[in-house]
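Here is the structure we will look at, set down as structure tokens.
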């Protein structure tokens, strides 16, 4: 007797392999998916938050402005009240919102990776975090993070398809001088990946030298301004309702230069913002609008991320709780507020409070990542690799989270409903024919373009899993990290340009650390 099932399955497998080759560029998920289906706030709620934020800015104001900002702002119609706080007229804020940049692009340096379009309902997932420790999975402990760690995290992210931008995940704790720190972070990002990038600066004076480096990487003066591949982070607000001098100086500098102001404002509900979530949203909205006003007073239309990130406290202890349900809700509401103003947005998600990549990390990361995407946040930062309420970072978690983000993006992508996908003719063919959809042309076509398959998550039968060593996802992630980082050393900077950069700037990342066989992996 002929085993028809084996023949059928073998033919289906061959067809599947052919389809995988043909559909490599037709994944159901990609950068810039359209979100916005989840709306935790009603329109009336948005209006109330907006009006409260305007009242805060007009009557309470923002404390501790620098003399330079006072000069700019008062010339535009703001005033300093009796408490020395900078107050913003409601009409000024409304005019600023009307004239602000609606979108911007962070470019890839290679056609292998997609540009990140920030605006509208486009959804992109990115790393960030600036943690100060790295989790050592084999020892179940944390150690201080280094410049080489930042480079290695970038190399790993370069191979993770569901992460669209590489933001600075860790701080090189061994670099104490601000100039050396900032220029080496900038170099490590450029050397590790050609994906769009993001970083924070320790000192505003280091921005222009970094741009000189970026111009060298791109092959000529002014090239970075034409196609910026990096956004400039900073926290210009110290909540509640005060400016932070160093990052305010950075905001002024990047605004003067017309760069992408990729700020983050992160008050903590119950500590530096009201415990009431609505009040926390109103305060952080006011703080975000104040920064938007400063940027547009200095340089009208200069791109700025409306990055309002209200963090949640565990009110029993006062500790930050980034993996909470309230955090998922608040960040989704912030994405909705960004859409209300039609401003480019970012939020933070996947901020687990767990100290290792375990079940707690999985459910906290998954819920927050998918809700932010469904809410239509343009860039979802902290989205992979972070542990311990952003204090630590993990290579294994970064790889696991890439799988999780693929699933989150598949949910955001939604279901296409049209005459073809309703499949009436297909149902007729199958019902009157073989009685199953295995091997049907539609099945073979859609198995790669509509279905997403994980790299690490195990879907095998229990017996197969046992025969293959009963590995858990953490073990598979460790193997994947080892395999990738022992072999993937991308050449992202022309060697002659690299030599010129090293001659001009105090680069501390050793060449041997950027080559196969260095003994680290």
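The values are calculated or read from the model by the stated rules, or taken from the named source; none is laboratory data. Treat the numbers as computed from the prediction; the structure is a model and nothing was measured. Reconstructed Cβ throughout: ideal geometry from the backbone, glycine too, with neighbour counts over all protein chains shown.
Residues of region 351-369 being surrounded by fewer than 23 Cβ atoms within 10 Å (Cβ to Cβ) and touching a helix residue (DSSP H, G or I) at 6+ places or on another chain (Cβ under 6 Å), which ones?
Initial filter on region 351-369 (surrounded by fewer than 23 Cβ atoms within 10 Å (Cβ to Cβ)): 353-356, 358-360, 362-363, 366-367.
354, 366, 367 - these are the residues of region 351-369 that are surrounded by fewer than 23 Cβ atoms within 10 Å (Cβ to Cβ) and touching a helix residue (DSSP H, G or I) at 6+ places or on another chain (Cβ under 6 Å).
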Specify the residue that is surrounded by the most Cβ atoms within 10 Å (Cβ to Cβ); the eligible residues are those in region 71-103 that are more than 32 Å from the chain's Cα centre (by Cα) and assigned to a helix (DSSP H, G or I).
74
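Identify all residues within region 508-521 that are surrounded by 14 or more Cβ atoms within 10 Å (Cβ to Cβ) and in a helix (DSSP H, G or I); write none if there are none.
Taking region 508-521 and keeping what is surrounded by 14 or more Cβ atoms within 10 Å (Cβ to Cβ), we get 508-509, 513-514, 518, 521.
Selection gives 513, 514.
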Among helices (runs of 4 or more DSSP H) lying entirely in region 393-507, which contain 3 or more residues that are under 17 Å from residue 159 (Cα atoms), out of contact with any strand residue (DSSP E or B) (no Cβ under 9 Å at 6 or more places or on another chain) and in contact (Cβ under 8 Å) with a residue 12 or more places away in the chain?
395-413, 473-485
Assuming residue 342 fulfils every condition listed in (1) surrounded by 21 or more Cβ atoms within 10 Å (Cβ to Cβ); (2) farther than 20 Å from residue 163 by Cβ; (3) modelled with pLDDT of 95 or more apart from one, which condition is it?
(1)
Within region 178-198, can one find any residue that is under 18 Å from the mean Cα position of the chain (by Cα), in a strand (DSSP E or B) and modelled with pLDDT of 95 or more?
yes
Failed condition for residue 353, given (1) closer than 21 Å to residue 235 by Cα; (2) not in a helix (DSSP H, G or I), with all others met?
(1)
Tell me, yes or no, whether region 172-180 has at least one residue that is buried (at least 24 other Cβ atoms within 10 Å of the Cβ) and either touching a residue at least 40 places away in the same chain (Cβ under 8 Å) or touching a helix residue (DSSP H, G or I) at 6+ places or on another chain (Cβ under 6 Å) (or both).
no
